[in-house]
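See below for the structure under consideration.
Every number here is computed from the coordinates shown, using simple stated rules; none is lab data. What you see is a predicted model; the values in this text were computed from it and never measured. We place every Cβ from the backbone using ideal geometry, glycine too, and count neighbours over all the protein chains shown.
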Amino acid sequence: MRPVAVVAASAVSALGGSLHHLSAAVRSPEPPSGLRLVPEAGLGLRHPLVGCAALANDAAIPDRATRLLCSAAHALADELERVWPDFREQRVAILVGTSSGAMPSMLAAFAARDAGTPLDPRAPATYFAPVSALASALSLPHAPRHQLLGACASSTLAIGLGARWVDAGHADLVIAGGYDALNPLVALGFEAVGALTRAAPQPFRAVRDGMALGEGAGLVALAAPRTGLAARGHVLGFGASSDAVHVTAPDRSGSGLVRAARHALDDAALAPTDIELVSAHATATAYNDAAEARALTTLFGSRPVPVHAFKAVIGHTLGAAGVLEVLAALAALEHDVVPATPGAGPFEPEFGGELPARVRAARLRTALKWSAAFGGLDAALVLGGPEWRRRASPRARVPVVLSAATPTIRAEAREAAQRVARRPEVVERADPLSALVLAAAARLVADSGVELRPATAVIVGTASATLESDERFDRRRRAGRPVEPRRFPETSPNLCAGVCSIAFGLHGPALSVGTGPAAPWEALLLAHDLVADGDVERAVVVAVEDAGPVVADVFGAAGLPVPERSARAALLSRGSEGPVLDRQVLAARASGLHSAEWPSA
């Protein structure tokens, strides 16, 4: 991939409401902390250590996640108006990621349903509602907008795919990033599965006991390098993969992260020896840090590469984590520093990197940022500094064909899926949304007779996402009872794609997308680009809606068409045997307000 410039950026986090606050923290001699004990946050945590962003109330935007994203959008628009006054006249696309979307509004809607009161029409309780507000905040009401539901890797994916779109000429400017707000459903879920610290995050330390949650939003404006337009840094390469091992625990070898990193390095035409800083995922949980330590050793050998673990400073901001950590890495490259990370005590035995407690000066040109997520999703970016000048070749893109497609199915058909899947026990344990995805994928395999080789992606398009599962999980909290740890993973819209990759043994990226009723076409568009760019050989695309009474009420209150509970699947492949997909048609339909007819092979 040719270098893509970051021409403007914005950040909202526990450190403050501007990119300046984040950059100052990266350069600080000792790492500051945005983490505070905040009992009044209303999260219900036993140890409420969180990275809470300072955010003014706004009666016009009741949803906190939407306010975070709009705050970042206003700051980005201000900078773009200074450096690129006519940016709105360009071909602009919006690509953002999130873990929980408008969850604050969803929880309010669940409570309103319990009380039998009308849902608040000012705060649509959907995963994609904040993205519509983002387009308005940027004064780009007609720009195509897409949302990735890739859990904690969402904004890393958004930046990587956005850079690819610029490189391919699909847009002149891509606004990419991510957001998430603190909320009790997610907070109590992570506490229930034992992922939260009781003291402070200690990434890569032997004594670590978990992470602190945070919230925030970050956006970057991506464009081809051009004369007269300064760059904050560059995106040089992108890669993504799936562990295909477990829905929440990482592959303990770290091989998924390594695959994503090597793909990103190949994309950038660089080698591991060229990387001078690693922006780690570093959740400070036992298994994740151990797996990441092994990945570092596999990729860099005995070289003690400098590592930055930013979640220990701002908390784990979920869908915003990737973009905020990218911005921290770019600040380090711009100011030639290896940032400091909080922590003390001996390191994880397998950690061979350098994790300085105080900032140090260093001439840096490149960084690697990688992220991991529920469902086994891994994503990586190779970053270059503001003065990056090395040229790279454009990617060779290939035609993509629709190899097979299924009719609509409405039954889970677990027995049929178990007969086709490589790991039938995964099908047996699947939640209702994942079971629908598995049934559609199994029908696709059975009807087409195609073997799904490991280099296959799974892209799920869904407008309603996990609304039904969210409400089921949250009932116990609303009733004042402890939440069920085993049910928490079902609240992640990314889970169903990950379950499919695990059941069929697929190592291509597995994630969900959805910005409204056109979600099936968004999934087809994203899958098309992954295949066309050579990231995967094939992609299974599943359009699914686990729609029940909750979805009916939420969508009805928002004035949206209420989907039916159903699933259907398609297989995209390289080559010419089958109908060749026209990307322009896919992009047009993916940007529409209503879904169009599902393609047939």
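Each 10 Å bin, from zero up to the one with the longest distance, holds this percent of the alpha carbon pairs of the stretch 400-590: 10, 38, 34, 15, 3, 0. Ordering 61, 459 from the fewest to the most neighbouring beta carbons within 10 Å gives 61, 459. Ranking 33, 557, 275 by how far each Cα lies toward the positive end of the dipole of the chain (charges on Cβ) leaves 275 at the top.
Taking label points 7 Å from Cα along the Cα-to-Cβ direction, residue 114 and residue 428 give a separation of 3.5 nm. With percent of Cα pairs over 43 Å apart defined as stated, name the option among (1) 19; (2) 35; (3) 11 computed from the structure displayed. Label of the calculated value: (3).
The ranking of 521, 84 by Cβ neighbour count inside 10 Å, starting from the fewest, reads 84, 521.
The helix-only estimate of mean residue ellipticity at 222 nm for the chain, built from DSSP H runs of length n ≥ 4 each weighted as -39500 (n - 2.57), is -10500 deg cm²/dmol after division by the residue total.
Sparse packing (at most 12 other Cβ atoms within 10 Å of the Cβ) combined with a DSSP loop state is found for the following GluC sites (Glu not before Pro) in the stretch 486-583: 564, 577. Between residue 57 and residue 229, the contour length at 0.36 nm per residue exceeds the Cα-Cα span by 58.4 nm. Rounded to the nearest whole angstrom, the semi-axes of the ellipsoid equivalent to the stretch 309-380, taken from the Cα gyration tensor as √(5λ), stand at 20, 17, 12, largest first. Once divided by 2.2 N^0.38 Å, the Cα radius of gyration of the stretch 1-140 becomes 1.23. In plain terms, the chain from residue 358 to residue 199 could stretch by 55.2 nm, reckoned as 0.36 nm per residue minus the Cα-Cα distance. Taking all Cα pairs closer than 8 Å and separated by 6 or more residues, the relative contact order of the chain comes to 18 percent. For the stretch 419-452, the list of GluC sites (Glu not before Pro) that fall in a loop by DSSP and count at most 10 other C-beta atoms within 10 angstrom reads 451. Neighbour counting of Cβ atoms within 10 Å sorts the residues 370, 598, 165, fewest neighbours leading, into 598, 165, 370. Whole-Hz Karplus values for the stretch 499-516 come out as 4, 5, 5, 5, 4, 9, x, 10, 10, x, x, 10, 7, 10, 9, x, 10, x Hz, taken residue by residue from phi with 6.51 cos²θ - 1.76 cosθ + 1.60 and θ = phi - 60°; glycine and proline positions read x. Using 0.36 nm per residue and subtracting the Cα-Cα separation, the extra length available between residue 450 and residue 274 on full extension is 59.4 nm.
Quick one: in the stretch 131-260, what % of C-alpha pairs are over 17 Å apart? Of all Cα-Cα distances in the stretch 131-260, 70 percent exceed 17 Å. Residue farthest toward the positive end of the dipole of the stretch 344-393, with Cβ of Lys/Arg at +1 and Asp/Glu at -1: which of 392, 355, 368? In the stretch 344-393, that residue is 392. Looking at the stretch 1-53, the trypsin sites (Lys or Arg not before Pro) that sit in a DSSP loop and have at most 13 other Cβ atoms within 10 Å of their own Cβ are 46.
Over all orientations, the stretch 23-90 has a Cα convex hull whose mean projected area works out to 7.4 square nanometres. With R₀ fixed at 56 Å, the C-beta to C-beta distance from residue 395 to residue 40 puts the FRET efficiency at about 0.65. Here the chain is treated with +1 on each Lys and Arg Cβ and -1 on each Asp and Glu Cβ, and its dipole about the Cα centre works out to around 620 debye.
May I ask which residue of 492, 446, 544 lies farthest towards the positive end of the charge dipole of the stretch 400-590, with charges of +1 (Lys, Arg) and -1 (Asp, Glu) on Cβ and the Cα centre as origin? Checking the options against the dipole of the stretch 400-590, the answer is 492.
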